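The values are calculated or read from the model by the stated rules, or taken from the named source; none is laboratory data. Quantities reported herein were computed from a predicted structural model and do not represent experimental measurements. Neighbour counts are summed over all protein chains in view; Cβ atoms, including those assigned to glycine, are modelled from backbone coordinates with ideal geometry. Keep in mind that these areas ignore ligands, DNA and RNA; they rest on the heavy atoms of the full protein, side chains included. Shrake-Rupley method; radii C 1.70, N 1.55, O 1.52, S 1.80 Å.
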Amino acid sequence: MANPTITVGNGNATEVIQTSGDKADANVTPRRHLLDLDDLSTKEITDLLDSAAGMLEITNRDVRKTPALRGKTIITMFFENSTRTRVSFEQAGKILGADVINVTASASSVSKGESLLNTVKTLQAMQIDALVVRHPHSGAPYFISNHTDASVVNAGDGTHAHPTQSLLDLFTVRTHVGDIAGKKIAIVGDVLYSRVARSDILAFQKMGAEVTVSCPNTLLPDEWQLGTTLDASTGFGGLKLARNVDDAVEGADVVMALRIQQERQDAGHLPSLREYSDRWGINAKRMALANDGALLMHPGPMNEGVEISSDVAHGAQSVVEEQVRNGVAVRMAVLYTLCAPGKSSRLSGGDEA
Amino acid sequence: MANPTITVGNGNATEVIQTSGDKADANVTPRRHLLDLDDLSTKEITDLLDSAAGMLEITNRDVRKTPALRGKTIITMFFENSTRTRVSFEQAGKILGADVINVTASASSVSKGESLLNTVKTLQAMQIDALVVRHPHSGAPYFISNHTDASVVNAGDGTHAHPTQSLLDLFTVRTHVGDIAGKKIAIVGDVLYSRVARSDILAFQKMGAEVTVSCPNTLLPDEWQLGTTLDASTGFGGLKLARNVDDAVEGADVVMALRIQQERQDAGHLPSLREYSDRWGINAKRMALANDGALLMHPGPMNEGVEISSDVAHGAQSVVEEQVRNGVAVRMAVLYTLCAPGKSSRLSGGDEA
Amino acid sequence: MANPTITVGNGNATEVIQTSGDKADANVTPRRHLLDLDDLSTKEITDLLDSAAGMLEITNRDVRKTPALRGKTIITMFFENSTRTRVSFEQAGKILGADVINVTASASSVSKGESLLNTVKTLQAMQIDALVVRHPHSGAPYFISNHTDASVVNAGDGTHAHPTQSLLDLFTVRTHVGDIAGKKIAIVGDVLYSRVARSDILAFQKMGAEVTVSCPNTLLPDEWQLGTTLDASTGFGGLKLARNVDDAVEGADVVMALRIQQERQDAGHLPSLREYSDRWGINAKRMALANDGALLMHPGPMNEGVEISSDVAHGAQSVVEEQVRNGVAVRMAVLYTLCAPGKSSRLSGGDEA
């Protein structure tokens, strides 16, 4: 799943995009982009989570506003719809006092055949400070980051990564359990195609958690096998692949249900939704197998009655709304870390190939 | 027309929505939502109009800006297009110093099958202060208000209500005639389906005006009959149903023409547009039947040549543009009243069932 | 090409629009609108360019923000997609501290059959300060300017004008060559249909430059002939029509390649793209014919490999990204000049017919 090389076509031009893969060198500071958590050291992740804690406090004030990024311009460029993620970034930028400008794919000049490269070069020429990108093609934010002086934040790229989602998941878990190291995390669902799954597995493993996944065989990469533990060559060393969901959930400190995409079912990767719900859905009975006080998480939007039952989705163990709330604070921390004034050296940084 | 129970389907989930109906108890303060004017006492309405007068003064300044709602986040969530209403709310929020974030139905996650409930819970988790909602289904804002701590402002729901339109209509009339009590208001047009008609009839009656409506028989509820005056059991006690438009307009202090929706004609509820214009259109000859200096109003957008002739639409008695201008001030008053700092008790308010 | 009379239909209403044509009277100040550069005197243009130089300095600051237009409302109303132009205006307005509200055609009430006139009257009633309009029909911004007290900025109308593009082109050339008078400008491409071509020819001629165009015969107005120089009766007196592109480029100080619109080719106005590229495309060999250090310009978005080769598009002589950067500064200068506080007399100005 790492190092995808994919092809992005926008209008006339076709661009070959390479993702950076696993670059864990944390010595290069200050960081210019947030593309994937596998780029970050545990210290950098911890610093971001600490910063998010301060930001969360700001979001709880009666007057939610700081001038920290006053005079900075943040552009959200979404080639896929996502109200929740776009609004979260927009609010984060505005609370920090930045100007936020929204660009959507349908409104963008890509409809005039302008290539992604030229769109980026145009926005870059406007001297923007950050470009928050969601794109259906894995690797697109990496490609963009190689062609702009602005800070690029990956807001979800294809099946590859969604680093701010993982940061907010880490933050939410840390708030409840303290140190993440040694905790047991069960992730249930669309592992093959979910950027949340990929990002979260890497993030929780990096912070020392023990991660187990459970899903239908058809949603695993071909070379993986249920009932085994992956070795380091896969990039996910130590990841356990549970034969059934009860094995994964038993004794877990965190249970995360992933959204089932209708597209997977259409492609024949899934049994009926009813059967999926029976065999992999998270409900009260399954949650009872987890540790006392285990957290129930979901990246949203939820298909209640499919991968998660309504009672647990809105029950006492659910931290789903807390995840959303923390998302604003985490994105404030990311935008501030990348764009804050005084970070003038960021333009001369060379942390990207 | 009161207490509609309707069904809203967004993606997988289907939600049953109940509107609050006539709840005229004004003892509960501070108010958290603005869903319908029938929720408000005459004192609350008068207070809002007084506040709007102050806001209008601000909009007339060379620098139209106050920090009254600095650090507050207002989301406009429009499931139907309406540039005029959305821009009016957006400008109102920005003049007050709030951050305004726009969400449209097509851009929202409802296209991913997320239910209205989960969309609202997600936005609510972001700790927004106000949610301005336009929705094609009557009652949707009531449903939303039951699931969020944010202040919900109904910006038009189906055929049910459009309270800020009615407030700006009251404000416009009050500016010209002073006390509304005892004044004669003629409303001509699509009474059955128009949320403006329903809201305005209730609002003007509540303020003591004498309201007469005129429309084709096919645009009246089945149980109503032209030539009668409604009794209290209908919820519109005292409303006169004129046999013809001249009877309604004669002696009126205010003549309000309503927009004819193309959809009504398509459904066979209307004669030809030419016949409609002849029999119910407001023109100079009809305006001459009204009192000297009577006001001509229209909620816009106007079909000139159909429900209103161009000469009177842009003539001396027309206050159509003034209605739009007052709309910004009225929405400032509503947003300020619901969201102003120091209103911390609003979160513990229990004014909704 | 001057004085087009065209017809704009939005929904029910059909409006006849007349453009103002050549009105070069510069005595009337302060100016209320920016509709076309042929309205402006050379002094007014020079003043705007001088103002843009100051604005460019602001955009280079670490904190890009001034309160110059605080409390002003700017609406961008785009009836055609153009991310680059809309974002440029939005950023310009926000850096100046104004509130910017975006309206797009698809989201606007024109889908309800509201006429352009009523849309404008509605926005005008909201007491907005500037209306930035892009419209597919030539003359639409003129029509709008006759019905609003707001300052109207033409952001591109049909095949007619794109004055801020021309101002940024002038600004970019002036930055590099100093005085524009006497300089040789070669414009290559879609002269008949390009508003950029029309605006730029007039602008550079007005500032004293010698302009030569080159394009396929099919993209010239019928009454023009390759190999001739136009006389004053055409409105473009002194414009040279080169028989081939090498004649136009030879000895030029500036070479501007225009975007080839796919629509032109579909209409049979063009040979194949390969033949167009061979005969009119700007590449390294052709640039070698120009003066040493000649500038290569393109209004974007570029079709690389068609009207411009990739090596020169991103080469040392290219100022394409600089054009985009300067665009923000030029639009700041325009918005500030039209809307700045203290310009209260602008509401009583009578500079438009």
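Would you point out the residue of the range A:55-88, among those that are small (G, A, S) and open to solvent by less than 20 Å² (accessible area, probe 1.4 Å), that is nearest to the other protein chains (Cβ to nearest Cβ)?
Residue satisfying both the conditions and the ranking: A:G71.
Would you confirm, using the coordinates I've provided, whether A:V249 is in the same structural domain as A:M287 (by TED's automatic domain parsing), touching a Phe, Trp or Tyr at 6+ places or on another chain (Cβ under 6 Å) and open to solvent by less than 30 Å² (accessible area, probe 1.4 Å)? If you could, list the steps in order and put the result at the bottom.
Numbers: in the same structural domain as A:M287 (by TED's automatic domain parsing): yes; touching a Phe, Trp or Tyr at 6+ places or on another chain (Cβ under 6 Å): no; open to solvent by less than 30 Å² (accessible area, probe 1.4 Å): yes.
So A:V249 fails the test.
Mind telling me which of the residues A:H147, A:H160 ends up being open to solvent by less than 10 Å² (accessible area, probe 1.4 Å), modelled with pLDDT under 95 and farther than 25 Å from C:I101 by Cα? First the steps, then the outcome.
Numbers: A:H147 fails: open to solvent by less than 10 Å² (accessible area, probe 1.4 Å).
Only one candidate qualifies: A:H160.
Every residue in the range B:230-240 that is closer than 13 Å to B:K184 by Cα and open to solvent by less than 40 Å² (accessible area, probe 1.4 Å), please. Show your work before the answer.
Step one: of the range B:230-240, the residues closer than 13 Å to B:K184 by Cα are B:238-240.
If the condition is that a residue be closer than 13 Å to B:K184 by Cα and open to solvent by less than 40 Å² (accessible area, probe 1.4 Å), then B:G238, B:L239 are the ones that fit.
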Would it be correct to say that C:N291 is more than 14 Å from chain A (Cβ to nearest Cβ) and in contact (Cβ under 8 Å) with a residue 60 or more places away in the chain?
yes
Single condition A:V103 does not satisfy, out of (1) assigned to a loop (DSSP other than H, G, I, E, B); (2) in contact with a helix residue (DSSP H, G or I) (Cβ under 7 Å, 6 or more places away or on another chain); (3) within 7 Å of another protein chain (Cβ to nearest Cβ)
(1)
Of the residues that make up the range B:209-219, is at least one more than 27 Å from C:L116 (Cα to Cα), within 22 Å of the chain's Cα centre (by Cα), in the same structural domain as B:G182 (by TED's automatic domain parsing) and among the hydroxyl-bearing types (S, T, Y)?
yes
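Going through the range A:120-144 one residue at a time, which ones are among the hydroxyl-bearing types (S, T, Y) and open to solvent by less than 10 Å² (accessible area, probe 1.4 Å)? Walk me through how you get there before you give the answer.
Going residue by residue through the range A:120-144, those that are among the hydroxyl-bearing types (S, T, Y) are A:122, A:138, A:142.
Result: A:Y142, single match.
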Only one of (1) in contact with a helix residue (DSSP H, G or I) (Cβ under 9 Å, 6 or more places away or on another chain); (2) in contact (Cβ under 8 Å) with a residue 60 or more places away in the chain; (3) outside the structural domain of A:T122 (by TED's automatic domain parsing) is not met by A:I180, so which one is it?
(2)
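Could you list, in sequence order, the residues of the range A:307-323 that are within 14 Å of chain B (Cβ to nearest Cβ) and open to solvent by 20 Å² or more (accessible area, probe 1.4 Å)? Full working, then the answer.
Going through the range A:307-323, the residues within 14 Å of chain B (Cβ to nearest Cβ) turn out to be A:307-310, A:313-315, A:318-323.
Result: A:S309, A:S310, A:H314, A:G315, A:S318, A:E321, A:E322.
How many residues are open to solvent by 10 Å² or more (accessible area, probe 1.4 Å), of a type outside the set (D, E, K, R) and without any contact (Cβ under 8 Å) to a residue 60 or more places away in the chain when one looks only at the range B:193-207? Working first, answer last.
The first filter runs over the range B:193-207 and keeps only residues open to solvent by 10 Å² or more (accessible area, probe 1.4 Å), leaving B:193-196, B:202, B:205-207.
Then drop every residue that is not of a type outside the set (D, E, K, R), which leaves B:193-194, B:196, B:202, B:205, B:207.
Narrowing further to those that are without any contact (Cβ under 8 Å) to a residue 60 or more places away in the chain: B:205.
Counting residues in the range B:193-207 that are open to solvent by 10 Å² or more (accessible area, probe 1.4 Å), of a type outside the set (D, E, K, R) and without any contact (Cβ under 8 Å) to a residue 60 or more places away in the chain gives 1.
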If only one of B:V87, B:V173, B:V120 is part of a helix (DSSP H, G or I), within 24 Å of B:L192 (Cβ to Cβ) and either touching a Cys at 6+ places or on another chain (Cβ under 8 Å) or hydrophobic (A, V, I, L, M, F, W, C) (or both), which one is it?
B:V173
